[in-house]
Amino acid sequence: MAKASGRRRPKKARDRRAQTASGRPSATRSEQGPAPSQQELVAAAIGAAVQAVCDGSRDPHGAHLDPLAIERAPGWTQAVSRAVVDYLRGSVTRAWQRGWQPAELARHVGRELSANHAAMVADMITAELLGYPAATVDDRWAAQAAALEAAAPGKGAWWGSDADYLRAWYGLGRDAEFIATVATAVETLHAFHHLPALERLLPLPGTARAVPKERGAPGAGAASAGPADERMLSRIRALLAKAESTEFAEEAEALSGRAQELMAKYSIDHALLAAETGQAETPGGRRIAVDNPYEAPKATLLQIVAQANRCRVVWSKDVGLVTVIGFPADLDAVELLFTSLLVQANSAMLRSGGKRDGAGRSRTRAFRQSFLLAYAIRIGERLSEAADHAEQAAVAEQRAAAAGPDGDGAGHDAAARNGTDLVPFLAARHRAVDEAVDEMFGSTLTRSRAVRATDADGWNSGRAAADLASLHNQAQVVR
C-alpha cells in the first residue's frame with residue numbers, strides 16, 4: 001500500500017504542474033461527460049463486429065463477436081438482440097428502396113452466405129411488413145413475402161419481442177452455439193451493406209394503390225388479370241407440365257405446339273383488348289433468377305425466349321438476375337415458357353450428359369455448356385417460326401373480319417382509327433419496349449460477349465433435344 005501511495009504522489013504533482021501550465025484544472029470523469037449507456041456500448045460493439053467482417057475476419061469466436069454473445073451485464077444480450085433486429089429491419093427497408101424485392105433479397109443473401117442467413121432475412125422481411133396496412137402492399141410483394149414465411153423452418157417466420165429474437169433463433173437449433181447465431185446476424189448485416197442498386201419494378205410497401213404504379217412495374221397501367229386470363233394461363237401451365245413429364249417425344253411435341261398456339265393467341269388478344277377498351281398499357285419489368293452452373297447458356301435461353309415474345313432482357317450477372325422488359329401478357333409468356341424449357345433442357349442434358357462417349361470418357365462441363373447453348377439457339381429458331389406464323393394468322397384473321405360480309409373494308413377503317421390495326425399496333429409496342437429499356441437503364445448497359453460452344457457432341461445433342469422440346473410463345477430482345 002505504501003508503494004502504491006508513493007506512486008500516486010508524483011502523479012498528483014504532475015497534475016498540479018499541468019494545471020498551473022494550462023491555467024485550468026484537468027478534467028475529471030464527471031466533467032468529461034457521463035459514461036456511455038448500454039445502448040451506445042451495444043451499438044459500438046455491433047459496428048466493430050461488422051467492421052471486422054469487412055476487414056476479412058473469419059474467426060466465428062473472434063474478439064469481435066465475444067462482446068456481443070457474452071452477457072456482460074444484466075439485459076445485455078437482450079439489448080444486443082433488440083439493436084441487431086432494428087439494424088436488420090432498417091437494412092431491409094433500405095434494400096427495398098434500392099430496388100430489391102423480398103424473394104430476390106433472401107435469395108441473394110442465401111447465395112452469398114447460406115440458407116441460415118437467408119432465413120434470417122425472411123424473418124426481417126416478415127417483421128418489417130407488419131408495419132404496413134395490407135391494403136398498401138402490392139399483391140405481388142405480399143405473395144413473395146408469404147412464400148418466404150411459408151418456407152421458414154418450424155411454423156413459419158417467428159416474430160415476438162425484438163429483445164428475444166436471437167435467443168429464439170438459437171432455440172430453434174439452427175446453430176450449435178449462441179455465438180454462431182450472433183455471427184449469422186452480423187454477417188447478414190455486412191451483406192446488406194454491400195448490396196448493389198437494382199431498378200425498382202414494384203411499388204414500395206405503403207405506396208401500393210395509394211399512388212399510380214410506377215413505370216416499370218409489371219402490369220402498370222393495365223387492369224389486373226381476370227378470370228378468363230387465369231383460365232387460359234392454367235390451361236397453358238397444364239399443357240407444359242404434361243410436356244415436361246412425358247417420355248414420348250411425339251406427345252411432348254403435340255402438347256408443346258398446343259401450348260404455343262394458346263400463348264400466342266392469349267398475348268395478341270390481350271393486347272388488342274387493352275387497346276380497344278382504352279386501357280393504357282405500358283411495358284413493365286420482371287426479374288428472373290439465373291444461377292450457376294451454366295448460367296451463361298441459361299441466360300441465352302431466356303434472351304431467346306424473350307425475343308420470341310416481343311420482350312428484351314438485361315442480365316445482371318453479378319447478382320444472378322435477368323430483368324425481362326415487356327408488356328404484361330408477354331412477360332407471363334416468357335416466364336412460363338422459360339421455366340418449362342429449362343426443365344426440359346436440364347432433363348435432356350442429364351440424360352445425355354450422364355453417358356460416356358465412344359472412348360468411354362464421361363461427359364464434360366464443355367459438353368453440357370455446348371448442349372445448353374445449342375438447345376437455346378435451336379429453340380430460338382423454332383420460336384421465331386412459331387411467332388411469325390401466329391402473328392401472320394392474327395393479321396389475316398383481323399383483315400378478314402375487317403373486310404366484313406360486304407367486303408367494304410369498314411372494319412379495317414375502324415381498326416385504323418382506334419389504333420388496333422395489328423401490324424402498326426405491334427410495331428408501336430416494340431418501340432414502347434425499347435423506350436422502357438432506355439428509361440429504366442439509360443446508358444448503363446453494355447453488350448455481353450457471346451457464349452461459345454466447344455464440344456461438337458454437346459452441340460449436336462442440344463440441337464436434337466431442342467427439336468423435341470415443348471414450346472409456347474412469340475416476340476423481341478436484347479441482353
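How large is the accessible surface of residue 190 in square angstrom, using a 1.4 angstrom probe and rounding to the nearest 10?
Per-residue accessible area (residue 190): approximately 40 Å².
Would you pull out the residues with amide H under 5 Å of residue 311's amide H, same chain only if 5 or more places away, H placed 1.01 Å from N?
Under 5 Å from the amide H of residue 311 lie the amide H atoms of 476, each far enough along the sequence or on another chain.
For residue 167, what charge total do you get from the other residues with a beta carbon under 13 Å from its beta carbon, if Lys and Arg give +1 and Asp and Glu give -1?
Its environment carries a net charge of -3.
Sorted by accessible area with a 1.4 angstrom probe, largest first, how do 123, 229 fall?
From most exposed to least exposed: 229, 123.
Which residues does a label at residue 432 reach in the stretch 294-325, if reach means a backbone N under 15 Å from a point 7 Å past the Cα toward the Cβ?
Label zone hits: 310-312, 325.
Less than 11 Å Cβ to Cβ from residue 127, Lys/Arg counted +1 and Asp/Glu -1: what total charge do the surrounding residues give?
-4
For every other residue with a beta carbon closer than 10 angstrom to the beta carbon of residue 270, add +1 if it is Lys or Arg and -1 if Asp or Glu, then tell me the sum.
-4
The values are calculated or read from the model by the stated rules, or taken from the named source; none is laboratory data. Only a predicted model underlies this, so the values are computations on that prediction, with no experimental measurement involved. Note that we place each Cβ from the backbone using ideal geometry, even for glycine, and neighbour counts take in every protein chain shown. Remember, those area values only see protein heavy atoms, side chains included, never the ligands or the DNA or RNA. Shrake-Rupley method; radii C 1.70, N 1.55, O 1.52, S 1.80 Å.
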